[in-house]
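All remarks here apply to the structure that follows.
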Amino acid sequence: MLANARLSGRRVLITGEDEVLAQRLGRVLTFSEAVVAINSAVGPDSTRIVREAIRELGGVDVLVNTGPPSIPEEGSNPWAVQHGVERALQRSMSVLVTATEAALPSLNERASIINTVAFSTPGLLLTRGQEALATAVLETTQGWAQTLGPRGIRVNAVVGGPRWDPDLEPLLDHGHHNEPAMTDFEELDAFVYLASEESCHVSGSVLAVARPLAPEEVGPGSRS
């Protein structure tokens with residue numbers, strides 16, 4: 001099989017809150033010859049939106065739930081900050097659960113559900129709210145993996161892993177300065193793997209993907 005045909009014919013629905021990640025994933029999965037539909041499905045009509053997207057696809061083999069790009073924790077009032085974080089967590093988990101429940105009747109044996117969390121998060125460290133969301137998503141992922149396993153449906157999660165400055169790589173690689181920058185196809189390959197038959201025996205797993213620093217994260221104080 002050609003490298004770019006790993007998902008040949010598989011129907012993928014990408015939903016959730018992270019529109020930037022959804023577009024990036026759409027390009028990578030389409031390159032791998034998947035049939036891709038992208039729909040945020042956020043709001044009171046999310047169940048109908050998901051079902052309509054699945055009908056347009058003619059079914060769904062892979063469901064990708066993208067988490068929020070960030071959970072704001074701003075303000076001087078600790079109570080207000082905590083309340084805002086709690087509401088964001090409730091909304092994100094509601095989006096995740098609602099989209100998945102709407103898609104479940106259309107998921108057949110050998111289908112794959114991929115949940116994401118903290119993948120587009122800027123900065124080196126997660127906030128407390130992001131850590132709480134990550135814990136909830138990972139626990140939900142592993143619970144669904146056990147529940148849906150008998151149906152042949154795999155459930156896994158991809159999380160944002162370590163961040164590094166690509167400009168420092170040549171200094172750590174014996175002076176080699178010709179290493180190419182990480183591309184979307186490399187950074188998002190974990191999603192292709194989990195969506196493909198290559199991972200047909202993988203369920204309940206969490207893959208942490210290392211990512212390069214965004215340009216705004218690289219500044220005078222970011223290096224020692």
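Tabulated data
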| quantity | calculated |
| --- | --- |
| Net length gained if the chain between R27 and R55 were fully extended (0.36 nm per residue, minus Cα distance) | 8.0 nm |
| Rounded to the nearest 10 Å², the accessible area of V206 at probe 1.4 Å | 60 |
| For region 110-118, Karplus couplings with θ = phi - 60° (6.51, -1.76, 1.60), whole Hz, Gly/Pro x | 6, 6, 9, 10, 10, 9, 10, 7, 6 |
| Spacing of the two label points (7 Å from each Cα toward its C-beta) at H83 and V97, in nm | 2.3 |
| Region 99-155: mean projected area of Cα convex hull, nm² | 4.4 |
| Cα-projected label distance for A136 with C200, points at 7 Å along beta-carbon direction, nm | 3.6 |
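The values are calculated or read from the model by the stated rules, or taken from the named source; none is laboratory data. For clarity, every value in this text was computed on a predicted model and none was experimentally measured. With ideal geometry, Cβ positions are generated from the backbone for all residues, glycine too; neighbour counts draw on all protein chains shown. Note: accessible area is taken over every heavy atom of the protein model, side chains too, but ligands, DNA and RNA are not part of it. Shrake-Rupley method; radii C 1.70, N 1.55, O 1.52, S 1.80 Å.
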